[in-house]
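Colleague: If you scroll down you'll find the structure; I have some questions about it.
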There are 4 protein chains.
Amino acid sequence: MDIKNDNTNAAGLPRTDLALEVRETFEEDNVEIQGVVLKEDYDRKKDIRVTTVIIKDKKGADAMGKPIGTYITIEAPKLGEEDESFHEPITKEIAKYIKELAGDMENREILVAGLGNREVTPDALGPQVVDNLFITRHLIKEFGHGFLEKQNTGNVSAISPGVMAQTGMETSEVLRGIIRETMPKLVIVIDALAARSIYRLNKTVQITDTGISPGSGVGNNRKALNKESLGVDVIALGVPTVVDAATIVSDTMEQFMSKQGFGDKEIHQFMSELNEETIGNMFVTPKNIDESIKRISYTLSEALNKCFA
Amino acid sequence: MDIKNDNTNAAGLPRTDLALEVRETFEEDNVEIQGVVLKEDYDRKKDIRVTTVIIKDKKGADAMGKPIGTYITIEAPKLGEEDESFHEPITKEIAKYIKELAGDMENREILVAGLGNREVTPDALGPQVVDNLFITRHLIKEFGHGFLEKQNTGNVSAISPGVMAQTGMETSEVLRGIIRETMPKLVIVIDALAARSIYRLNKTVQITDTGISPGSGVGNNRKALNKESLGVDVIALGVPTVVDAATIVSDTMEQFMSKQGFGDKEIHQFMSELNEETIGNMFVTPKNIDESIKRISYTLSEALNKCFA
Amino acid sequence: MDIKNDNTNAAGLPRTDLALEVRETFEEDNVEIQGVVLKEDYDRKKDIRVTTVIIKDKKGADAMGKPIGTYITIEAPKLGEEDESFHEPITKEIAKYIKELAGDMENREILVAGLGNREVTPDALGPQVVDNLFITRHLIKEFGHGFLEKQNTGNVSAISPGVMAQTGMETSEVLRGIIRETMPKLVIVIDALAARSIYRLNKTVQITDTGISPGSGVGNNRKALNKESLGVDVIALGVPTVVDAATIVSDTMEQFMSKQGFGDKEIHQFMSELNEETIGNMFVTPKNIDESIKRISYTLSEALNKCFA
Amino acid sequence: MDIKNDNTNAAGLPRTDLALEVRETFEEDNVEIQGVVLKEDYDRKKDIRVTTVIIKDKKGADAMGKPIGTYITIEAPKLGEEDESFHEPITKEIAKYIKELAGDMENREILVAGLGNREVTPDALGPQVVDNLFITRHLIKEFGHGFLEKQNTGNVSAISPGVMAQTGMETSEVLRGIIRETMPKLVIVIDALAARSIYRLNKTVQITDTGISPGSGVGNNRKALNKESLGVDVIALGVPTVVDAATIVSDTMEQFMSKQGFGDKEIHQFMSELNEETIGNMFVTPKNIDESIKRISYTLSEALNKCFA
């Protein structure tokens, strides 16, 4: 996540990086959205729910405040929990959906970018995923594809570029430079996300072929990490690990005010006063975030290693 | 901080580890508290405010929900900021007040305990302070006091025991055991604290001779880290780095409801519904918490090293 | 390992923490040792060799310079390598031999101590093993044994006490204190070891019921971590990750001088000149030590978790 | 350092990254080297020795096995030691010589690259230096140069690219890409080095305007980090933190064999047998390397911050 970014999106709603949650705000209002297709699938035995949101055209993109593309959300309550028996099924499920969007990865040159700040626990997801990947590009360069006693392995390189406060550079600058030089065919970016609901934290994986578009996909393509800005296919893999502090306060307030019969205008007025500087620079995260990040990053690494093998 | 603990205190108010903030809740109501003395000192040039709250007797302790003793709070807006010129004055100020409560430390056997979870950024303060201390106990044991070309240095040992989720043990059990075995004359515990106001985060140091008393000083002495439970003088050094998520929500709500003319009973009713499981396990912290923790822990280490020298 | 310790053992031989290697020095000389029993077992398919050295009496202990007890050495060339298919068999093998020495661990109170310095890569093995253990003591205390939907789980607590340069305290002081306070029935210490041969590094696990005895088991029981000093059964689990620099130099020299026809006295004379201060404070370790430590610590954690389950 | 590299240099001598040490091998033989100029300066009070080796032409470069350019070596026995009073003089000294080679840095766009593997203690120097730099590029971009209440500050960006085993990419590829994209005017690379003598470890800083040339400056410009390969001025800052294990063994052997009257041919023969695979992948480092790296990286960060201010 770019936790240094401002926290309201285009539509002025509390910020979320999950297409699923944007979709839900419409649901609440019982509105149908043109240009957006929704599919749901629930596996009761594994307790895994997969929701696919497809934004088909500009109309849908404008309504959702997210770019055109496919957003697969895997909700698995036990994702961040200590449960050995759940580890393999969820790993397989994630790998399956990554491949669904990315296509076959054997013999393909792939750069994995672990975004985020290694020093801030809920933002360390990306770097920690990269730490456990099986990196092969240099080995293939030196020994050829035969080095693994099998012919079809992914050609994997990876980088954890750090955040702007650490590097002075936009992540997009760093990645664009590396891509120009090493010419991968596919970039997979891993990032911690901000959700709107605390109930989704560490329980959800979003996979999308739209990359990452700070500022909700509108304008500022310089900072975006997508096919347009990077010149190569981009798959983004994200897990919500924080809620913006402003969101958690305003959601509670909104519910309350709405129940009390306040009108939209009054609510909006109150909210805008809330979104001042200080709370805008705060995030909310669970107290056991260290354990969740460790487990989830390990699960994502294995899912990716499975995709590449 | 024991961020795994429940987050309401004895009086049912939003939790704070700062005596100063408890005192303020009374101020708001314009109440004078028997058994509690307050002193304030503001250095305009350095922009450092020092507030001393002395809880003198059981009456004061009951009212405040904190044990009898002295609580010195140093408020310095630039504490967590990158400002070289501020580093030395604040270091000296902190050292001065530690000595005021702890007495002279030369030639005294001191155990420093860095509490908290190294893997959760805002909770890593204690371990990071310990990382930068100048440890001498083993050197004095081997070479005598003369080893430093000076006779009067503190005899310093230190431990970062980790948190219960990592060790399966109460911090008090670990410290009690080590104290029994190594017999220090003074224990200094360093801990990240929870504040009520986000405006105090990373800008405040609390120094107290009461130690640390989870659950607001009432009951449960097994978990307390104080003279009674550890059998040795205890000084606690704390910096608020988080606000409980429930607090941030309920404070906003309370203000709002109170303005809207809701009665105390209604407000209390609403609040109790808020304090459900999930939000009770969440905390709020600034997005640049890594930089603040690094700077503050470095400042506290130096203040302590100065005390011991 | 206590890498701050001096690096010659009682007998003046290059230091090794492996009973197997001490035994081999006699083999070279074709000497039979009274009071020492040797068993070997090789599984060709898995390429795992298990050697059991039993020191039966004082005579054997004196000859070996190690305390009376059983030393099981598991040699597995692929232990530190990236090989998914090998991970499970070696985990099972290690768990089997831990149980052979420690007995059944269900329903038993166990304290695991991860010795060593987390900040020095080859010495971080112990702390990293502890990081991945499933800690249950506090859960059992709160919820009873039923909390895991099964009745028979180990009651596990753990600590990574750091090294003397960090704490000012002997590891034995810290552990003795914690043991007195929490009363475990079994202590398992994990430590990185020094080997004599670079060919054993990251390929060997030593399991022993003698604990750890700095200074090769002679004298200085204050520093020892064994049943006598800790008052409770102790199992030590160690992996050689370094060779003392003096050892690697002197071994090469010794071979060379011996081939050149130098006598024992001349060789010994030359060696003693080598063992000066500077090289005595150096260690040798492989360049990819980070990857080996990560993999091996993960394997040991799983072997222990399997023992406790 | 690229500790994954092979460890003999062009001339077949034990590897060293220090021009000073290469120069000394000639001194031992009392040989004057054409095209190489030597200056020495010793400050007795501070106990700092500064040696400048200037390789003036191709002849000098061939003899030295290092590229044409200036190599400043600062030897300060207390560099890695805990001595507050020494911290400021050495910081100033290093800053002075960096500026001597790099020229004025105010208002100049500078990229600092912290090379090496953060996970291997003696190789973590570069990343740890970067961790403590004051990064300004993004601030200047957002607020202009005025943001610091002064007009002339360096425009600093930084990256710790990791090593090839972690990224699958050459460091030169990563840096070349980033440089193309962000267009700095000067690149400063920080790296841990290999010395020949254990007595130089953590006591020496080498500053050079030749950049870094793996394989001793001959051939393979693809991997080199210098003006030719990166297209921008390069200053390299290095501290020897390891000795190759083969070097430490062969140096001792060589001395011994030479004293015993063995001829060069025999010695060379013996040495070549030593340099087999296993020992070639080992390095030697002091046991308290964690403390040295922490202190030295802090000193280098401050020296650089001073240069940029």
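Colleague: Being assigned to a helix (DSSP H, G or I) and more than 14 Å from chain B (Cβ to nearest Cβ) is the filter here, so list the residues in region D:55-85 that pass it.
Modeller: Residues satisfying the conditions are D:K58, D:K59, D:G60, D:A61, D:D62, D:A63, D:M64.
Colleague: Let me ask another. Out of all the residues in region C:78-113, which are closer than 25 Å to C:L230 by Cα and of a type in the set (A, V, I, L, M, F, W, C)?
Modeller: C:I94, C:A95, C:I98, C:L101, C:A102, C:M105, C:I110, C:L111, C:V112, C:A113
Colleague: If D:Y199 satisfies every condition in (1) within 26 Å of D:I74 (Cα to Cα); (2) more than 8 Å from every other protein chain (Cβ to nearest Cβ); (3) in a helix (DSSP H, G or I) but one, which is the exception?
Modeller: Condition not satisfied by D:Y199: (2).
Colleague: Do you know which of the residues in region A:154-165 that are in a strand (DSSP E or B) and within 7 Å of chain D (Cβ to nearest Cβ) is nearest to A:A124 (Cα to Cα)? Give the steps one after another, and end with the answer.
Modeller: First, the residues of region A:154-165 that are in a strand (DSSP E or B): A:155-159.
Okay, now just the ones that are also within 7 Å of chain D (Cβ to nearest Cβ), so A:156-159.
Numbers: A:V156: 21, A:S157: 19, A:A158: 15, A:I159: 13 Å.
Taking the candidates together, the pick is A:I159.
Colleague: Right, something else. Does region C:127-141 hold any residues that are among the basic types (K, R) and surrounded by 20 or more Cβ atoms within 10 Å (Cβ to Cβ), and which are they?
Modeller: Listed by number, the list holds a single entry, C:R137.
Colleague: Oh, and also: Looking for whichever is closer than 28 Å to C:P286 by Cα and in contact (Cβ under 8 Å) with a residue 60 or more places away in the chain here; the options are D:P127, D:P67, D:P122. Which one fits?
Modeller: D:P122
Colleague: Which of the following residues is modelled with pLDDT of 95 or more and within 13 Å of another protein chain (Cβ to nearest Cβ): C:T252, C:T241, C:T208, C:T278?
Modeller: C:T241
Colleague: Also, I was wondering about something else. In region B:42-54, what count of residues is obtained for those that are in a strand (DSSP E or B) and more than 30 Å from A:A165 (Cβ to Cβ)?
Modeller: Total meeting the criteria: 7.
Colleague: Which residue out of D:G168, D:G177 is surrounded by fewer than 24 Cβ atoms within 10 Å (Cβ to Cβ) and facing another protein chain (nearest Cβ under 10 Å)?
Modeller: Answer to the check: D:G177.
Colleague: I'm trying to understand the selection: among the residues of region A:106-126, which are at negative phi and surrounded by fewer than 24 Cβ atoms within 10 Å (Cβ to Cβ)?
Modeller: Across region A:106-126, the qualifying residues are A:E106, A:R108, A:E109, A:R118, A:E119.
Colleague: Of all residues in region D:79-105, which are crowded, with 18+ Cβ neighbours inside 10 Å and over 18 Å from D:I235 (Cα atoms)?
Modeller: Passing the criteria: D:L79, D:G80, D:F86, D:I90.
Colleague: Considering each of B:R200, B:R176 in turn, give the residue that is more than 18 Å from the chain's Cα centre (by Cα) and charged (D, E, K, R).
Modeller: Step by step, each of B:R200, B:R176 is checked, and only B:R176 is more than 18 Å from the chain's Cα centre (by Cα) and charged (D, E, K, R).
Colleague: Sticking with this structure for a sec: So how many residues does region C:69-126 have that are in contact with a Gly (Cβ under 7 Å, 6 or more places away or on another chain) and at pLDDT below 95?
Modeller: 3
Colleague: Inspect all residues belonging to region A:119-140 and state whether any of them is in contact with a Cys (Cβ under 8 Å, 6 or more places away or on another chain), over 30 Å from B:S292 (Cβ atoms) and within 11 Å of chain D (Cβ to nearest Cβ).
Modeller: So far as region A:119-140 goes, no, none of its residues is in contact with a Cys (Cβ under 8 Å, 6 or more places away or on another chain), over 30 Å from B:S292 (Cβ atoms) and within 11 Å of chain D (Cβ to nearest Cβ).
Colleague: Among the residues of region D:1-41, which ones are surrounded by 12 or more Cβ atoms within 10 Å (Cβ to Cβ), assigned to a strand (DSSP E or B) and at pLDDT 90 or above?
Modeller: Within region D:1-41, D:V36, D:V37, D:L38 meet the criteria.
Colleague: Could you list, in sequence order, all residues of region B:156-176 that are over 22 Å from B:T136 (Cβ atoms) and not acidic (D, E)?
Modeller: Once the filter is applied, which keeps residues that are over 22 Å from B:T136 (Cβ atoms) and not acidic (D, E), region B:156-176 yields B:G162, B:V163, B:M164, B:A165, B:Q166, B:T167, B:G168, B:M169, B:T171, B:S172, B:R176.
Colleague: Residues that are within 27 Å of C:D131 (Cβ to Cβ): find the helices (runs of 4 or more DSSP H) completely inside region C:237-308 holding 3 or more of those.
Modeller: It comes to C:289-308.
Colleague: Just to verify a result, which residue in region C:216-238, among those that are in contact with an Asp or Glu (Cβ under 8 Å, 6 or more places away or on another chain) and surrounded by fewer than 24 Cβ atoms within 10 Å (Cβ to Cβ), is modelled with the lowest pLDDT?
Modeller: Of everything passing the filter in region C:216-238, C:N221 is modelled with the lowest pLDDT.
Colleague: Another question, then. Taking A:V234 and the conditions (1) in a strand (DSSP E or B); (2) touching a Lys or Arg at 6+ places or on another chain (Cβ under 8 Å); (3) within 14 Å of chain D (Cβ to nearest Cβ), which numbered condition does it fall short on, given that it satisfies the others?
Modeller: The failed condition is (3).
Colleague: Also, I was wondering about something else. May I ask you to say which residue of B:E266, B:E291 is at negative phi and more than 10 Å from chain A (Cβ to nearest Cβ)?
Modeller: Details: B:E291 fails: more than 10 Å from chain A (Cβ to nearest Cβ).
The unique qualifying residue is B:E266.
The values are calculated or read from the model by the stated rules, or taken from the named source; none is laboratory data. Not measured: the values here are computed from a predicted model. Because the Cβ atoms are built from the backbone with ideal geometry, glycine has one as well, and the counts that use them run over all protein chains shown.
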